[in-house]
Amino acid sequence: MKQILMILILAFFSFSLNAQIPQGCVKEICVPASYKKTNYTQPISAVTYSVPKMKQVTETIPAITAQRPIMKTITETICTKEGAIEYVFECDPSDPKVRELCRKVIEPTFEEISYSVPSGEYEEILVQAEQVVTYMVPSGDFELNTEQEATIISKEVELKIANGFITTAPCDNSSTGAVLSINSSTTPETCSRLATLDGTATAEYNPEFKCLWSTGETSPTISKLKSGDYSVTVTASDGRSTVANVKVGDLNICN
């Protein structure tokens, strides 16, 4: 059906041009691309998986006890300074009259102390009281869990049908020659910050014409482009020209 429609369009333009243009003169026009909107749907399946069912368990932890020795107190008297006779030799000990004056008697001293020692008997003490704890454990049964419901994504898209040129009889180089027309398209640079330089620009025009890009290149498609603005000039053999401006975008995918 699309091909029949394009044939009818081309035939109509060809008939119109032959009726309006004098014989021996060429006029070329570009048939613009036509688009058809259509609905696009994509089903997404549900995602499910099994998860264990849980049950509650209550447990009693018994008390913890320990034996501790019973201590007893012992009291005793100890000598802290022994007694002695200290002689002082500043006097003359050979003189029997003063001998008694030349010695000094030091009396011993005592102190009473107390300390604890195990008695040999023990007592029981509580280290940790009895506890009741509750927690969840797998029951052994399973249930299905849905992580993602089944859905259908629907969106409207445009389908490009066709484009091209219609040309009448052979051309002279007069001012009534071929009509200049440029269809342009681009692909963006992946990441301008990293200078990936992978953008492209394409000009569609009558292959008998010549083109010149702002980069100095003369081919219909130029590549290794940085994101930014570019222009292309298409010139006919009779000197007429037209200019198209294009913009190369930036995807900013820099991972």
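Values quoted throughout were computed directly from the atomic coordinates according to the rules given, and no laboratory measurement underlies them. Values in this document were obtained by computation on a predicted structure and should not be read as measured data. Don't worry about glycine lacking a Cβ; one is built from the backbone with ideal geometry, like all the others, and counts go over all protein chains shown.
Peptides 54-65, 209-220: what's the order by average Cβ count within 10 Å, highest mean first? Write out the running numbers ahead of the final one.
Details: 54-65: 10.2, 209-220: 14.3.
Going by the mean number of other Cβ atoms within 10 Å, highest first, we get 209-220, 54-65.
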Length gained if Ile85 through Thr60 is fully extended, taking 0.36 nm per residue and subtracting the Cα-Cα distance, is 1.5 nm
Which FRET efficiency, nearest 0.05, do Ser237 and Thr215 yield, Cβ-Cβ r, R0 25 Å? 0.60
Using a 10 Å cut-off on Cβ atoms, rank the peptides 67-79, 229-241 from the highest mean neighbour count down. 229-241, 67-79
